[in-house]
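Data block below; observations after.
Nothing in this text is a laboratory measurement; each read-out follows from the coordinates by a stated rule. These numbers come from a predicted model, not from an experiment. Counting neighbours? That spans all protein chains shown, and the Cβs are built from the backbone with ideal geometry, glycine included.
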Amino acid sequence: MMTSRMQSLFARPWIWAFVGATAVWLATIAFTQGKGSGEILSAALAFATFSVIVGLGQMFVITLGPGNVDLSIPATMTLAGVVSMKIMDSQDVMILPGLVVALLCGLGVGLFNFGLIRALLIPPIIATLSSSFLIQSAAIAYGRGLKIKPPPLLADFTTVKLAGIPLLALCVIGLAAAFAVILSRTVYGRSVLAIGQNQRAASLAGISVERVRLATYVLSAVLASLCGYLLSGFSGGASLNMGAEYLLASISVVIIGGTSVAGGFSNVPGLWGAALFMFLLVTMLNTFGLSAGIRLVLTGLIIVGIITVAGGKKA
């Protein structure tokens with residue numbers, strides 16, 4: 001019975017991201033002889049939180065099927081961050097208006113992205129890449145010379161810890177759980193999965209394909225805006241390159257987490273495992289004191305190994 005349960009557990013693609021994260025964490029604390037093990041894990045949870053937020057939106061987009069990907073996430077994060085910081089102007093009473101404005105930025109970006117895809121028949125990867133330049137330019141124009149600290153309450157919320165666990169991480173765990181329910185138990189979530197498995201069959205079954213795609217690209221942009229808003233509070237303000245590292249991060253956590261790049265199959269739990277694995281892997285290699293070139297090579301090899309072992313969805 002126990003063997004059967006273990007086999008069933010390890011057959012799930014997302015489990016290997018957690019296995020990888022645990023392995024690199026153990027290797028790191030073994031090298032440091034246990035020093036700072038709790039601090040490393042706490043930092044991993046804090047930084048993984050932002051990768052999970054953008055990864056949720058990217059996961060829904062990728063689940064729509066081949067060719068669907070949102071490359072405007074970094075620019076959307078930057079725009080939402082600089083606009084919300086300027087609106088809030090370090091005042092606690094403006095936290096909610098700042099959040100609303102940030103989310104409205106995401107709504108506008110999502111509608112614009114889908115407009116390019118639908119009206120101009122531009123492939124999503126090209127449409128979102130093109131829009132990212134326009135969005136980033138708008139952020140630069142609006143946020144030029146921006147040096148505004150976040151409101152104290154927002155900064156406290158994004159950095160406070162409960163028993164060593166970041167409060168924001170606990171909130172995002174709840175957010176991820178909610179999206180797991182949406183994906184598996186709602187008409188919208190099942191429509192996303194159906195479209196990713198076979199778009200023509202989904203259309204013949206009565207699913208409004210374009211409406212679902214619109215909602216999905218808006219969702220991705222709104223989550224990117226939320227991430228930019230929270231990241232600005234966490235890092236002490238917005239910057240014009242704050243979203244740069246989240247382009248590849250938003251895609252890598254989805255793939256390493258067990259979501260199929262062919263569409264139609266998603267893994268919400270794997271996002272957390274992949275985000276923790278990515279941070280802990282970089283931490284381990286830095287702790288070992290390896291050169292930049294060797295770190296890049298080993299990072300690539302280890303990631304490929306995790307993806308290969310996970311093996312994606314079985315027939």
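Quick notes
- Principal semi-axes in Å for the stretch 159-284 [√(5λ), Cα gyration tensor, largest first]: 30, 16, 15
- The stretch 215-290 and the stretch 134-174: distance between their alpha carbon centers, rounded to Å: 15 Å
- Judged by the mean number of other Cβ atoms found within 10 Å, the most tightly packed of the peptides 68-74, 193-199, 245-251 leads the ranking 68-74, 245-251, 193-199.
- DSSP-loop trypsin sites (Lys or Arg not before Pro) across the stretch 89-182, with at most 10 other Cβ within 10 angstrom: Arg144, Lys147
- Straight-distance crosslink candidates among aspartates and glutamates, where the alpha carbon sits under 17 Å from Lys161 and sequence neighbours closer than 8 are dropped: Glu39
- Placing +1 on the Cβ of every Lys and Arg and -1 on the Cβ of every Asp and Glu, with no other charges, gives the chain a dipole of roughly 560 debye about its Cα centre.
- When each of the peptides 42-55, 129-142, 172-185 is scored by the mean number of other C-beta atoms lying within 10 Å of its residues, the order from highest to lowest reads 42-55, 129-142, 172-185.
- With contacts taken as Cα pairs under 8 Å at a separation of at least 6 residues, the stretch 134-252 carries a relative contact order of 34 percent.
- Pairs of Cα atoms nearer than 8 Å and 6+ residues apart set the relative contact order; for the chain it is 36 percent.
- Taking the empirical scaling 2.2 N^0.38 Å for compact globular proteins as reference, the chain has a Cα radius of gyration ratio of 1.01.
- Once the Cβ-Cβ distance of Leu26 and Asn241 is raised to the sixth power relative to R0 = 41 Å, the FRET efficiency obtained is 0.80.
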